[in-house]
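Comments concern the structure below.
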Amino acid sequence: MINPPAHNSRNRKRVDFVSDVTLVLHGQEYHYTETKDISMEGVFICTEAPLPIGETGQMILNQECGELKAQVKASFRVVRHQRADETAMPSGMGIIFTDIDSDSSITLFNIVRYQDQGDDGIG
């Protein structure tokens, strides 16, 4: 099922962000190798086979920068689907974070803040 276009109800700024993500639902892991963008509220995952809208589970987002490695762990809910032929964005699904621990929240904040910097590295 594809959601009809709707107004942008996002409260937080999205920034370009490419990473791999693992979603865990009902004891089964789904690994995705590419995201499109991220905010403090959620992430868009590129996939031709999105999970059903309303599905919930646990997410592990892996971030590597040289030798530094970090993870963002959160509960999530699938809120929308998108097909590539509808917009300039790739096919995939939007998920929102429904619960996130404090360490992961700090890591996520730093990812969003870093990705939001200009080309010269100045925010």
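Can you name the residue in region 91-106 that is touching a Gly at 6+ places or on another chain (Cβ under 8 Å) and crowded, with 19+ Cβ neighbours inside 10 Å and, of all such residues, is farthest from residue 58 (Cα to Cα)?
94
Within 15 Å of the chain's Cα centre (by Cα) and assigned to a strand (DSSP E or B): is that true of residue 109 in this structure?
So residue 109 does not fit the description; no.
Yes/no per residue for (1) in a loop (DSSP other than H, G, I, E, B); (2) at pLDDT 95 or above; (3) over 14 Å from the mean Cα position of the chain (by Cα):
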| residue | (1), (2), (3) |
| --- | --- |
| 12 | yes, no, no |
| 23 | no, yes, no |
| 36 | no, no, no |
| 40 | yes, no, no |
| 60 | no, no, no |
| 64 | no, no, yes |
| 71 | no, no, no |
| 77 | no, yes, no |
| 98 | no, yes, no |
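Considering (1) assigned to a strand (DSSP E or B); (2) more than 16 Å from residue 30 (Cβ to Cβ); (3) out of contact with any Lys or Arg (no Cβ under 6 Å at 6 or more places or on another chain), say which one residue 88 fails and leave the rest.
Among (1) assigned to a strand (DSSP E or B); (2) more than 16 Å from residue 30 (Cβ to Cβ); (3) out of contact with any Lys or Arg (no Cβ under 6 Å at 6 or more places or on another chain), the lone unmet condition for residue 88 is (1).
How about region 54-90: which of its residues are farther than 24 Å from residue 104 by Cα, surrounded by fewer than 18 Cβ atoms within 10 Å (Cβ to Cβ) and touching a residue at least 24 places away in the same chain (Cβ under 8 Å)?
Once the filter is applied, which keeps residues that are farther than 24 Å from residue 104 by Cα, surrounded by fewer than 18 Cβ atoms within 10 Å (Cβ to Cβ) and touching a residue at least 24 places away in the same chain (Cβ under 8 Å), region 54-90 yields 83, 86, 89, 90.
Is it the case that residue 48 is modelled with pLDDT under 90 and either touching a Cys at 6+ places or on another chain (Cβ under 9 Å) or acidic (Asp, Glu) (or both)?
no
The values are calculated or read from the model by the stated rules, or taken from the named source; none is laboratory data. Since the structure is predicted, the reported quantities are computational estimates derived from the model, not experimental observations. A quick note on method: Cβ atoms are made from the backbone with ideal geometry, for glycine too, and the neighbour counts reach across all protein chains shown.
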